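Peer 1: Okay, handing you the structure first.
The values are calculated or read from the model by the stated rules, or taken from the named source; none is laboratory data. Since the structure is predicted, the reported quantities are computational estimates derived from the model, not experimental observations. Neighbour counts are summed over all protein chains in view; Cβ atoms, including those assigned to glycine, are modelled from backbone coordinates with ideal geometry. Please note that ligands, DNA and RNA were not included when accessible areas were found on the heavy atoms of the full protein model with its side chains. Shrake-Rupley method; radii C 1.70, N 1.55, O 1.52, S 1.80 Å.
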Amino acid sequence: MSLSLVDRFKPKKICDVIGNKKKINYIIDWLKNWKSQKMKSLLIYGSPGIGKTSSIDVIVKSMGYDIIDTNASDKRSANSIEYLIPMVKSKPMFSKGKRILIMDEVDGMSSGDRGGVVKLKELIEESRIPIICIANDLSGRKLTPIKSLSKKIEFLPVDPSILVDRIH
């Protein structure tokens, strides 16, 4: 079975991540000092397919976090997000490891999703673990409830010539 190009070149260590190095370092520092941070969540955004989710995944795994990973396109309503509350408000029962909640595709939650963004805001406010939200687009008002609670970090596309060098 052969791997796709995306899977073949997916970063496995932080040093494998191409581009956005200052932002990657900021995220690492933010996680190391999460408890003393003013903003208790990060909102990572940028064009689709530029490595936001892959970068976050490799960062948190390399730092030893147990990931509570959910795709917001699957969990859009307040009721479907409700199950996360005990996970973000308590310490792990059986694990000594650190936990983090990663909410991918939060811009896929729309106002028609019956309070999902508002419930996510409540999760951020009450959380005892770091939360990283990932979005493609921050324009519009639907993410307003979480924007004020989150440090916004824009990922930029990588220069194509750097990518070409990487695959050769």
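Peer 1: State all residues of the range 16-61 that are of a type outside the set (K, R), within 16 Å of I102 (Cα to Cα) and surrounded by fewer than 16 Cβ atoms within 10 Å (Cβ to Cβ); if no residue qualifies, say none.
Peer 2: I28, M39
Peer 1: Something else now. Name the single residue, out of those in the range 72-100 being charged (D, E, K, R) and at pLDDT below 75, that is most open to solvent (accessible area, probe 1.4 Å). Spell out how you get there, then give the answer.
Peer 2: The first filter runs over the range 72-100 and keeps only residues charged (D, E, K, R), leaving 74-76, 82, 89, 91, 96, 98-99.
This time we only want the ones that are at pLDDT below 75, so: 74-76, 82, 89, 91, 96.
Values: D74: 112, K75: 58, R76: 78, E82: 82, K89: 91, K91: 135, K96: 206 Å².
By that ranking, first place goes to K96.
Peer 1: Let me ask something else. Being surrounded by 23 or more Cβ atoms within 10 Å (Cβ to Cβ) and under 27 Å from M63 (Cβ atoms) is the filter; apply it to the range 101-118 and report the residue that is modelled with the lowest pLDDT.
Peer 2: That would be M109.
Peer 1: Then there's this: Of all residues in the range 145-168 being over 18 Å from I24 (Cα atoms) and in contact with a helix residue (DSSP H, G or I) (Cβ under 8 Å, 6 or more places away or on another chain), which is modelled with the lowest pLDDT?
Peer 2: Within the range 145-168, the first condition is being over 18 Å from I24 (Cα atoms), and the residues that meet it are 145-149, 160-161, 164-168.
Pick out the ones that are also in contact with a helix residue (DSSP H, G or I) (Cβ under 8 Å, 6 or more places away or on another chain) and you get 145-146, 149, 167.
Working: P145: 91, I146: 93, L149: 94, I167: 60.
Among those residues, the one meeting the criterion is I167.
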